[in-house]
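The values are calculated or read from the model by the stated rules, or taken from the named source; none is laboratory data. None of the values given here were measured: they were computed from a predicted structure. Please note: Cβ atoms are built from the backbone with ideal geometry, for glycine as well, and neighbour counts cover all protein chains shown. Surface accessibility is based on the protein's heavy atoms, side chains included, excluding ligands, DNA and RNA. Shrake-Rupley method; radii C 1.70, N 1.55, O 1.52, S 1.80 Å.
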Amino acid sequence: MAGKVWANTYGEAMPWSRMPSGVQQLRPDSQIDADDAVLLFPGSGLPNVGQAGRAWIWNARAAAAEALEPREIERRLIREGFSAELTSAGHQAAAGRWHSSAGTVRYEYVFEVAVFGLGCAFVRPSPLGSYRGEQLTRRLKRASARALYILGLDMGMVKWKLDRTGRFGLIVGLTPQLSTRSAGERDGLRLAASAFAANWERETASGVSAVIGADPEFVLLAPSGKVVPASRFFPPQAPAGSDTVVVGGVLRRPLAELRPAPAAEPRLVAARLRSLLAAAAHRTASSPQLRWLAGSAPVRGLPLGGHLHLSGAALTGERLRALDNAVALPLRLLEPPDAGKRRPRYGALGDYRPKAHGGFEYRTPPSWLVSPLLARGTLALAKAAAEHSRELAADRPLDDDAMRDAFYEGGRSLLLAGAERVYRALQATAGYAKYRADIDPLFRAIREGRSWDETADIRRKWRIKV
(Lines give C-alpha, C1' and ligand atoms only; values in the text may rest on other atoms or scores of the structure.)
Protein backbone atom coordinates (compact mmCIF):
# COMPACT_ATOMS: atom_id res chain seq x y z
CA MET A 1 0.00 0.00 0.00
CA ALA A 2 1.30 3.45 -0.94
CA GLY A 3 2.11 5.97 1.76
CA LYS A 4 0.20 9.26 1.86
CA VAL A 5 1.38 12.82 2.35
CA TRP A 6 -0.61 14.99 4.75
CA ALA A 7 -0.53 18.69 5.62
CA ASN A 8 -1.79 19.68 9.06
CA THR A 9 -3.20 23.12 8.28
CA TYR A 10 -5.26 24.56 5.48
CA GLY A 11 -6.53 27.93 4.29
CA GLU A 12 -4.84 31.11 5.48
CA ALA A 13 -2.25 29.31 7.61
CA MET A 14 -0.94 27.41 4.59
CA PRO A 15 1.86 29.07 2.64
CA TRP A 16 -0.06 28.53 -0.61
CA SER A 17 -3.62 29.18 -1.63
CA ARG A 18 -4.73 25.61 -2.34
CA MET A 19 -3.67 22.11 -1.37
CA PRO A 20 -0.93 20.81 -3.69
CA SER A 21 -1.59 17.76 -5.83
CA GLY A 22 -1.02 14.54 -3.91
CA VAL A 23 -1.11 16.24 -0.47
CA GLN A 24 -4.11 15.54 1.74
CA GLN A 25 -5.57 17.69 4.48
CA LEU A 26 -5.00 16.24 7.92
CA ARG A 27 -8.18 16.33 9.99
CA PRO A 28 -8.82 15.13 13.56
CA ASP A 29 -10.26 11.86 12.28
CA SER A 30 -7.43 11.14 9.82
CA GLN A 31 -5.55 7.87 10.27
CA ILE A 32 -1.77 8.16 9.90
CA ASP A 33 0.08 5.03 8.81
CA ALA A 34 3.73 4.10 9.27
CA ASP A 35 4.54 4.84 5.62
CA ASP A 36 2.93 8.28 5.60
CA ALA A 37 4.62 11.68 5.72
CA VAL A 38 3.10 14.60 7.63
CA LEU A 39 4.08 18.18 6.77
CA LEU A 40 4.03 20.32 9.91
CA PHE A 41 3.05 23.95 9.34
CA PRO A 42 2.26 26.58 11.99
CA GLY A 43 -1.40 26.70 12.90
CA SER A 44 -3.67 24.04 14.22
CA GLY A 45 -1.18 21.58 15.71
CA LEU A 46 -0.90 17.91 14.78
CA PRO A 47 -3.98 15.71 15.26
CA ASN A 48 -3.43 12.03 15.96
CA VAL A 49 0.29 12.41 16.56
CA GLY A 50 0.09 9.52 19.00
CA GLN A 51 -1.17 7.28 16.20
CA ALA A 52 1.53 8.30 13.74
CA GLY A 53 3.73 5.28 14.52
CA ARG A 54 6.81 5.45 12.32
CA ALA A 55 5.42 8.10 9.99
CA TRP A 56 7.86 10.74 8.83
CA ILE A 57 6.83 13.92 10.64
CA TRP A 58 8.37 16.85 8.77
CA ASN A 59 9.83 19.60 10.93
CA ALA A 60 9.04 17.69 14.10
CA ARG A 61 12.12 19.38 15.59
CA ALA A 62 11.02 22.88 14.61
CA ALA A 63 10.10 23.92 18.16
CA ALA A 64 13.45 22.66 19.48
CA ALA A 65 15.32 24.52 16.73
CA GLU A 66 13.45 27.74 17.41
CA ALA A 67 14.23 27.43 21.13
CA LEU A 68 18.00 27.37 20.50
CA GLU A 69 19.94 30.49 21.37
CA PRO A 70 21.34 32.30 18.30
CA ARG A 71 24.85 31.66 19.61
CA GLU A 72 24.19 27.89 19.63
CA ILE A 73 22.79 27.96 16.11
CA GLU A 74 25.92 29.83 15.02
CA ARG A 75 28.13 27.24 16.71
CA ARG A 76 26.43 24.36 14.93
CA LEU A 77 26.57 26.04 11.53
CA ILE A 78 30.23 27.02 11.91
CA ARG A 79 31.10 23.49 13.07
CA GLU A 80 29.84 22.19 9.74
CA GLY A 81 31.55 24.70 7.50
CA PHE A 82 29.22 27.70 7.32
CA SER A 83 29.78 31.30 8.30
CA ALA A 84 26.95 32.79 10.34
CA GLU A 85 26.17 36.24 11.70
CA LEU A 86 23.30 35.76 14.12
CA THR A 87 25.08 37.49 17.02
CA SER A 88 27.92 39.99 17.33
CA ALA A 89 30.24 37.09 18.21
CA GLY A 90 29.22 35.33 15.01
CA HIS A 91 29.97 38.49 13.07
CA GLN A 92 33.46 38.66 14.55
CA ALA A 93 34.16 34.96 13.94
CA ALA A 94 33.05 35.23 10.32
CA ALA A 95 35.00 38.43 9.81
CA GLY A 96 38.13 36.83 11.23
CA ARG A 97 37.76 33.85 8.90
CA TRP A 98 37.55 35.95 5.75
CA HIS A 99 39.95 38.76 6.68
CA SER A 100 42.87 36.35 6.83
CA SER A 101 42.22 34.78 3.42
CA ALA A 102 40.57 37.44 1.33
CA GLY A 103 41.01 40.80 3.01
CA THR A 104 38.00 42.65 4.36
CA VAL A 105 34.82 41.35 2.72
CA ARG A 106 32.03 43.75 1.93
CA TYR A 107 28.61 42.13 1.81
CA GLU A 108 26.34 43.88 -0.66
CA TYR A 109 23.52 41.48 -1.49
CA VAL A 110 20.79 39.86 0.59
CA PHE A 111 18.84 36.75 -0.43
CA GLU A 112 16.17 34.61 1.21
CA VAL A 113 15.91 31.00 0.15
CA ALA A 114 12.81 28.88 0.76
CA VAL A 115 13.66 25.20 1.16
CA PHE A 116 11.26 22.29 0.86
CA GLY A 117 12.90 18.95 1.62
CA LEU A 118 16.33 19.15 0.00
CA GLY A 119 15.01 21.21 -2.87
CA CYS A 120 14.49 24.91 -3.28
CA ALA A 121 11.00 26.34 -3.70
CA PHE A 122 12.17 29.87 -4.51
CA VAL A 123 14.98 32.39 -4.04
CA ARG A 124 13.92 35.88 -3.01
CA PRO A 125 16.33 38.77 -3.68
CA SER A 126 15.89 41.72 -1.34
CA PRO A 127 15.54 45.32 -2.59
CA LEU A 128 19.26 45.76 -1.79
CA GLY A 129 20.27 43.94 -4.93
CA SER A 130 19.71 40.99 -7.21
CA TYR A 131 23.00 39.34 -8.06
CA ARG A 132 22.21 36.92 -10.88
CA GLY A 133 23.94 33.77 -11.96
CA GLU A 134 22.88 30.15 -12.30
CA GLN A 135 25.93 28.81 -10.48
CA LEU A 136 25.36 31.11 -7.51
CA THR A 137 21.68 30.18 -7.35
CA ARG A 138 22.52 26.46 -7.30
CA ARG A 139 25.03 27.00 -4.51
CA LEU A 140 22.56 29.04 -2.48
CA LYS A 141 19.87 26.40 -2.84
CA ARG A 142 22.08 23.50 -1.79
CA ALA A 143 23.76 25.40 1.04
CA SER A 144 20.40 26.59 2.42
CA ALA A 145 18.96 23.06 2.41
CA ARG A 146 22.03 21.76 4.21
CA ALA A 147 21.92 24.56 6.82
CA LEU A 148 18.36 23.57 7.74
CA TYR A 149 19.31 19.88 7.62
CA ILE A 150 21.99 20.49 10.27
CA LEU A 151 19.28 21.64 12.68
CA GLY A 152 17.09 18.62 11.94
CA LEU A 153 14.65 20.58 9.79
CA ASP A 154 12.94 19.41 6.61
CA MET A 155 11.81 22.81 5.37
CA GLY A 156 12.18 26.47 6.20
CA MET A 157 13.87 29.66 5.08
CA VAL A 158 17.48 30.85 5.19
CA LYS A 159 18.58 34.47 4.81
CA TRP A 160 22.01 35.24 3.35
CA LYS A 161 24.37 38.18 2.89
CA LEU A 162 26.75 37.80 -0.07
CA ASP A 163 29.66 39.79 -1.35
CA ARG A 164 29.74 41.23 -4.89
CA THR A 165 31.51 38.19 -6.33
CA GLY A 166 29.16 35.67 -4.75
CA ARG A 167 32.15 33.77 -3.32
CA PHE A 168 31.63 34.69 0.33
CA GLY A 169 28.35 34.40 2.20
CA LEU A 170 26.99 34.72 5.72
CA ILE A 171 23.85 33.15 7.10
CA VAL A 172 22.07 36.00 8.88
CA GLY A 173 18.70 34.37 9.49
CA LEU A 174 17.19 30.88 9.68
CA THR A 175 13.65 29.78 10.47
CA PRO A 176 11.52 26.63 10.08
CA GLN A 177 8.61 28.85 9.02
CA LEU A 178 7.73 29.20 5.34
CA SER A 179 6.16 32.41 4.08
CA THR A 180 5.19 33.59 0.61
CA ARG A 181 4.67 37.04 -0.86
CA SER A 182 3.50 36.28 -4.38
CA ALA A 183 1.63 33.82 -6.53
CA GLY A 184 4.94 32.73 -8.03
CA GLU A 185 6.33 31.82 -4.63
CA ARG A 186 3.16 29.89 -3.76
CA ASP A 187 3.43 28.05 -7.08
CA GLY A 188 7.03 27.13 -6.24
CA LEU A 189 5.95 25.54 -2.97
CA ARG A 190 3.02 23.75 -4.58
CA LEU A 191 5.26 22.23 -7.23
CA ALA A 192 7.83 21.12 -4.65
CA ALA A 193 5.17 19.52 -2.44
CA SER A 194 3.49 17.81 -5.40
CA ALA A 195 6.78 16.35 -6.63
CA PHE A 196 7.58 15.03 -3.16
CA ALA A 197 4.10 13.49 -2.83
CA ALA A 198 4.43 11.72 -6.19
CA ASN A 199 7.85 10.30 -5.32
CA TRP A 200 6.70 9.26 -1.85
CA GLU A 201 3.65 7.42 -3.18
CA ARG A 202 5.70 5.60 -5.80
CA GLU A 203 8.50 4.54 -3.43
CA THR A 204 6.25 3.41 -0.60
CA ALA A 205 4.02 1.48 -3.01
CA SER A 206 6.68 -0.43 -4.92
CA GLY A 207 9.81 -0.08 -2.82
CA VAL A 208 13.16 1.33 -3.88
CA SER A 209 15.71 -0.33 -6.13
CA ALA A 210 18.80 1.87 -5.99
CA VAL A 211 21.45 1.87 -8.68
CA ILE A 212 24.93 2.77 -7.41
CA GLY A 213 27.79 4.53 -9.12
CA ALA A 214 30.93 6.12 -7.73
CA ASP A 215 33.98 8.23 -8.53
CA PRO A 216 36.60 7.46 -5.85
CA GLU A 217 39.95 9.22 -6.10
CA PHE A 218 43.57 8.26 -5.53
CA VAL A 219 46.89 10.06 -5.81
CA LEU A 220 50.21 9.10 -7.43
CA LEU A 221 53.33 9.70 -5.36
CA ALA A 222 56.94 9.67 -6.55
CA PRO A 223 59.66 8.08 -4.35
CA SER A 224 60.65 11.63 -3.35
CA GLY A 225 57.19 12.14 -1.86
CA LYS A 226 56.17 14.57 -4.57
CA VAL A 227 52.71 14.29 -6.13
CA VAL A 228 52.82 13.24 -9.79
CA PRO A 229 49.87 14.75 -11.73
CA ALA A 230 47.45 12.03 -12.75
CA SER A 231 46.84 13.93 -16.00
CA ARG A 232 50.28 12.72 -17.12
CA PHE A 233 48.81 9.22 -17.50
CA PHE A 234 45.01 9.48 -17.46
CA PRO A 235 42.70 11.44 -19.82
CA PRO A 236 40.29 13.83 -18.01
CA GLN A 237 37.00 12.16 -18.96
CA ALA A 238 38.07 8.52 -19.16
CA PRO A 239 36.63 5.81 -16.86
CA ALA A 240 40.11 5.72 -15.32
CA GLY A 241 40.77 9.43 -15.60
CA SER A 242 42.06 12.53 -13.85
CA ASP A 243 40.21 15.06 -11.73
CA THR A 244 40.59 18.80 -11.19
CA VAL A 245 41.65 20.54 -8.00
CA VAL A 246 42.34 24.24 -7.43
CA VAL A 247 45.91 24.56 -6.10
CA GLY A 248 47.09 28.07 -5.27
CA GLY A 249 44.29 29.54 -7.33
CA VAL A 250 45.26 27.47 -10.40
CA LEU A 251 43.12 24.65 -11.80
CA ARG A 252 45.20 21.47 -11.94
CA ARG A 253 44.58 17.74 -12.44
CA PRO A 254 46.66 16.04 -9.75
CA LEU A 255 44.18 13.32 -8.80
CA ALA A 256 43.24 10.05 -10.45
CA GLU A 257 39.55 9.17 -10.45
CA LEU A 258 37.76 5.92 -11.29
CA ARG A 259 34.31 6.10 -12.86
CA PRO A 260 32.82 2.61 -13.07
CA ALA A 261 29.55 2.02 -14.86
CA PRO A 262 26.69 2.08 -12.29
CA ALA A 263 24.99 -1.14 -11.23
CA ALA A 264 22.28 -2.31 -8.88
CA GLU A 265 24.65 -4.73 -7.14
CA PRO A 266 27.50 -3.34 -5.00
CA ARG A 267 29.84 -6.25 -5.75
CA LEU A 268 29.50 -5.63 -9.50
CA VAL A 269 30.56 -2.00 -8.98
CA ALA A 270 33.53 -3.22 -6.90
CA ALA A 271 34.50 -5.67 -9.67
CA ARG A 272 34.37 -2.86 -12.21
CA LEU A 273 36.56 -0.73 -9.98
CA ARG A 274 39.18 -3.49 -9.93
CA SER A 275 39.09 -3.66 -13.74
CA LEU A 276 39.63 0.08 -13.93
CA LEU A 277 42.54 -0.15 -11.50
CA ALA A 278 44.10 -2.81 -13.72
CA ALA A 279 43.63 -0.59 -16.77
CA ALA A 280 45.17 2.33 -14.88
CA ALA A 281 48.16 0.14 -13.93
CA HIS A 282 48.71 -0.62 -17.60
CA ARG A 283 48.87 3.11 -18.35
CA THR A 284 51.49 3.70 -15.64
CA ALA A 285 53.61 0.65 -16.50
CA SER A 286 56.47 2.95 -17.50
CA SER A 287 56.59 4.34 -13.92
CA PRO A 288 56.49 1.31 -11.59
CA GLN A 289 58.17 3.29 -8.81
CA LEU A 290 55.04 5.39 -8.19
CA ARG A 291 52.93 4.69 -5.11
CA TRP A 292 49.14 4.78 -5.37
CA LEU A 293 47.48 6.14 -2.23
CA ALA A 294 43.84 6.51 -1.20
CA GLY A 295 41.93 7.34 1.98
CA SER A 296 41.01 10.67 3.55
CA ALA A 297 44.16 12.76 3.03
CA PRO A 298 47.24 10.62 2.36
CA VAL A 299 49.03 13.74 1.13
CA ARG A 300 48.83 16.85 3.28
CA GLY A 301 46.61 19.51 1.75
CA LEU A 302 45.13 17.14 -0.84
CA PRO A 303 41.98 15.50 0.59
CA LEU A 304 40.43 12.68 -1.42
CA GLY A 305 36.77 11.91 -2.02
CA GLY A 306 34.86 8.67 -2.45
CA HIS A 307 31.64 10.15 -3.81
CA LEU A 308 28.70 7.79 -4.27
CA HIS A 309 26.11 8.22 -7.03
CA LEU A 310 22.56 7.01 -6.43
CA SER A 311 19.66 6.80 -8.85
CA GLY A 312 16.29 5.11 -8.57
CA ALA A 313 15.98 6.61 -5.07
CA ALA A 314 14.62 10.12 -4.59
CA LEU A 315 16.79 12.68 -2.83
CA THR A 316 15.10 13.25 0.54
CA GLY A 317 16.25 14.38 3.96
CA GLU A 318 15.35 10.97 5.33
CA ARG A 319 17.56 9.20 2.78
CA LEU A 320 20.44 11.61 3.31
CA ARG A 321 20.26 11.04 7.08
CA ALA A 322 20.31 7.29 6.47
CA LEU A 323 23.49 7.66 4.39
CA ASP A 324 25.15 9.86 7.03
CA ASN A 325 24.42 7.31 9.75
CA ALA A 326 24.99 4.06 7.86
CA VAL A 327 27.95 5.14 5.69
CA ALA A 328 29.70 8.24 7.07
CA LEU A 329 29.61 7.28 10.76
CA PRO A 330 31.21 3.80 10.34
CA LEU A 331 33.84 5.16 7.93
CA ARG A 332 34.69 7.89 10.44
CA LEU A 333 35.69 5.18 12.92
CA LEU A 334 37.85 3.37 10.35
CA GLU A 335 39.83 6.47 9.33
CA PRO A 336 43.29 7.14 10.75
CA PRO A 337 43.14 9.31 13.89
CA ASP A 338 44.17 12.57 12.20
CA ALA A 339 41.91 12.18 9.17
CA GLY A 340 39.28 14.49 10.66
CA LYS A 341 41.45 17.51 9.84
CA ARG A 342 39.90 17.60 6.36
CA ARG A 343 36.54 18.56 7.86
CA PRO A 344 34.38 20.57 7.68
CA ARG A 345 35.67 21.85 4.34
CA TYR A 346 35.72 18.31 2.93
CA GLY A 347 33.67 15.38 4.17
CA ALA A 348 31.02 17.31 6.08
CA LEU A 349 27.82 15.47 6.96
CA GLY A 350 24.93 15.82 4.55
CA ASP A 351 27.08 16.90 1.61
CA TYR A 352 25.17 16.13 -1.58
CA ARG A 353 24.72 17.35 -5.13
CA PRO A 354 21.68 16.73 -7.39
CA LYS A 355 22.59 15.31 -10.79
CA ALA A 356 21.11 16.13 -14.18
CA HIS A 357 20.04 12.50 -14.74
CA GLY A 358 17.65 12.74 -11.77
CA GLY A 359 19.77 10.96 -9.19
CA PHE A 360 22.16 12.51 -6.71
CA GLU A 361 25.75 12.37 -5.50
CA TYR A 362 26.56 11.71 -1.86
CA ARG A 363 29.82 13.57 -1.28
CA THR A 364 30.62 13.01 2.41
CA PRO A 365 32.78 9.83 2.29
CA PRO A 366 36.57 9.90 1.83
CA SER A 367 38.17 7.65 -0.77
CA TRP A 368 37.40 4.10 0.28
CA LEU A 369 39.65 2.64 -2.48
CA VAL A 370 42.11 1.64 0.25
CA SER A 371 41.06 -2.02 -0.07
CA PRO A 372 38.42 -4.16 -1.82
CA LEU A 373 36.99 -5.08 1.61
CA LEU A 374 36.42 -1.42 2.43
CA ALA A 375 35.06 -0.71 -1.06
CA ARG A 376 32.58 -3.60 -1.01
CA GLY A 377 31.44 -2.70 2.49
CA THR A 378 30.95 0.98 1.68
CA LEU A 379 28.99 0.23 -1.49
CA ALA A 380 26.82 -2.32 0.37
CA LEU A 381 26.11 0.18 3.17
CA ALA A 382 25.12 2.83 0.62
CA LYS A 383 22.77 0.38 -1.09
CA ALA A 384 21.16 -0.62 2.23
CA ALA A 385 20.82 2.99 3.39
CA ALA A 386 19.26 4.15 0.13
CA GLU A 387 16.74 1.31 -0.06
CA HIS A 388 15.84 1.09 3.65
CA SER A 389 15.98 4.70 4.82
CA ARG A 390 12.40 4.41 6.14
CA GLU A 391 13.37 1.50 8.39
CA LEU A 392 16.64 3.12 9.48
CA ALA A 393 14.75 6.24 10.61
CA ALA A 394 13.83 4.36 13.80
CA ASP A 395 17.33 4.92 15.24
CA ARG A 396 19.70 7.53 13.79
CA PRO A 397 22.51 8.42 16.23
CA LEU A 398 23.50 11.54 14.28
CA ASP A 399 20.12 13.10 15.00
CA ASP A 400 21.70 13.83 18.40
CA ASP A 401 23.81 16.99 18.20
CA ALA A 402 26.33 15.61 20.70
CA MET A 403 26.98 12.77 18.25
CA ARG A 404 27.56 15.31 15.48
CA ASP A 405 30.09 17.06 17.73
CA ALA A 406 31.84 13.72 18.21
CA PHE A 407 31.88 13.14 14.44
CA TYR A 408 33.80 16.36 13.85
CA GLU A 409 35.90 16.38 17.02
CA GLY A 410 36.82 12.69 17.12
CA GLY A 411 34.84 11.59 20.20
CA ARG A 412 35.52 7.90 19.63
CA SER A 413 33.66 6.38 22.59
CA LEU A 414 30.43 8.14 21.66
CA LEU A 415 30.86 7.25 17.97
CA LEU A 416 31.45 3.60 18.87
CA ALA A 417 28.15 3.48 20.72
CA GLY A 418 26.50 5.14 17.73
CA ALA A 419 28.00 2.62 15.31
CA GLU A 420 26.58 -0.27 17.35
CA ARG A 421 23.14 1.32 17.14
CA VAL A 422 23.53 1.72 13.37
CA TYR A 423 24.61 -1.92 13.04
CA ARG A 424 21.55 -3.15 14.96
CA ALA A 425 19.29 -0.96 12.83
CA LEU A 426 20.85 -2.36 9.65
CA GLN A 427 20.39 -5.93 10.89
CA ALA A 428 16.67 -5.24 11.29
CA THR A 429 16.24 -4.19 7.63
CA ALA A 430 14.88 -6.48 4.97
CA GLY A 431 18.04 -6.19 2.86
CA TYR A 432 20.66 -6.94 5.49
CA ALA A 433 20.84 -10.70 4.83
CA LYS A 434 21.79 -10.11 1.20
CA TYR A 435 24.73 -7.83 2.01
CA ARG A 436 25.86 -9.00 5.43
CA ALA A 437 28.99 -10.67 4.00
CA ASP A 438 30.24 -7.21 3.02
CA ILE A 439 28.76 -5.17 5.88
CA ASP A 440 29.82 -7.34 8.82
CA PRO A 441 33.60 -7.10 8.24
CA LEU A 442 33.49 -3.30 8.55
CA PHE A 443 31.74 -3.37 11.92
CA ARG A 444 34.05 -6.15 13.08
CA ALA A 445 37.04 -3.96 12.20
CA ILE A 446 35.45 -1.06 14.11
CA ARG A 447 35.04 -3.20 17.23
CA GLU A 448 38.66 -4.32 16.96
CA GLY A 449 39.83 -0.70 16.77
CA ARG A 450 41.40 -1.06 13.33
CA SER A 451 41.91 1.79 10.87
CA TRP A 452 43.11 1.85 7.28
CA ASP A 453 46.70 2.63 6.33
CA GLU A 454 46.91 5.65 4.03
CA THR A 455 50.62 5.10 3.39
CA ALA A 456 50.15 1.67 1.75
CA ASP A 457 49.99 1.24 -2.02
CA ILE A 458 46.38 0.30 -2.79
CA ARG A 459 47.39 -2.01 -5.67
CA ARG A 460 48.64 -4.65 -3.23
CA LYS A 461 45.25 -5.02 -1.49
CA TRP A 462 43.48 -5.11 -4.85
CA ARG A 463 46.02 -7.67 -6.18
CA ILE A 464 47.01 -5.42 -9.05
CA LYS A 465 50.51 -6.17 -10.33
CA VAL A 466 52.90 -3.40 -9.27
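Tabulated values for the structure
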| quantity | calculated |
| --- | --- |
| Qualifying position, being open to solvent by 40 Å² or more (accessible area, probe 1.4 Å), hydroxyl-bearing (Ser, Thr, Tyr) and within 26 Å of the chain's Cα centre (by Cα), among Ser231, Ser206 | Ser206 |
| Residue within the range 312-321 that is of a type in the set (Lys, Arg), touching a residue at least 40 places away in the same chain (Cβ under 8 Å) and closer than 30 Å to Lys226 by Cβ present | no |
| Counted residues, the range 165-189 - those being under 22 Å from the mean Cα position of the chain (by Cα), surrounded by 19 or more Cβ atoms within 10 Å (Cβ to Cβ) and not in a loop (DSSP other than H, G, I, E, B) | 4 |
| Among residues of the range 252-269, those that are assigned to a helix (DSSP H, G or I) and open to solvent by 10 Å² or more (accessible area, probe 1.4 Å), counted | 2 |
| Index of the failed condition, Ala394 passing every other in (1) part of a helix (DSSP H, G or I); (2) at pLDDT below 95 | (1) |
| Matching option when the condition is modelled with pLDDT of 80 or more, in a strand (DSSP E or B) and surrounded by 14 or more Cβ atoms within 10 Å (Cβ to Cβ), among Phe122, Phe82 | Phe122 |
| Counted residues, the range 280-296 - those being surrounded by 15 or more Cβ atoms within 10 Å (Cβ to Cβ) and either at negative phi or not in a loop (DSSP other than H, G, I, E, B) (or both) | 10 |
| Qualifying position, being at pLDDT 95 or above, of a type in the set (Ser, Thr, Tyr) and open to solvent by less than 10 Å² (accessible area, probe 1.4 Å), among Ser371, Ser367, Ser311 | Ser367 |
| Among (1) outside any loop (DSSP other than H, G, I, E, B); (2) over 19 Å from the mean Cα position of the chain (by Cα); (3) closer than 28 Å to Asp400 by Cβ, the one test that Leu162 misses | (3) |
| Residue match in the range 221-228 (condition: farther than 17 Å from Gly117 by Cα, outside any helix (DSSP H, G or I), within 24 Å of the chain's Cα centre (by Cα) and of a type outside the set (Lys, Arg)) | no |
| Long-range neighbours under 6 Å by Cβ, at least six apart or interchain, first residue assigned to a loop (DSSP other than H, G, I, E, B) within the range 230-241, second not aliphatic (A, V, I, L, M) | Phe233/Arg283; Phe233/Thr284; Phe234/Gly241; Phe234/Ser242; Pro235/Gly241; Pro236/Ser242; Pro239/Arg259 |
| Count of the range 411-452 residues which are open to solvent by less than 80 Å² (accessible area, probe 1.4 Å), farther than 18 Å from Asn325 by Cα and not in a helix (DSSP H, G or I) | 3 |
| Single residue of Ala147, Ala143, Ala192 found to be outside any loop (DSSP other than H, G, I, E, B), modelled with pLDDT of 90 or more and open to solvent by less than 20 Å² (accessible area, probe 1.4 Å) | Ala147 |
| Search result, residues across the range 1-33 that are modelled with pLDDT of 75 or more, in contact with a helix residue (DSSP H, G or I) (Cβ under 6 Å, 6 or more places away or on another chain), in a loop (DSSP other than H, G, I, E, B) and of a type in the set (A, V, I, L, M, F, W, C) | Ala2, Ile32 |
| Condition check for Leu323: farther than 25 Å from Gly207 by Cβ, open to solvent by less than 10 Å² (accessible area, probe 1.4 Å), at pLDDT 95 or above and in a helix (DSSP H, G or I) | no |
| Any hit, the range 376-386, residues being part of a helix (DSSP H, G or I) and without any contact (Cβ under 8 Å) to a residue 40 or more places away in the chain | no |
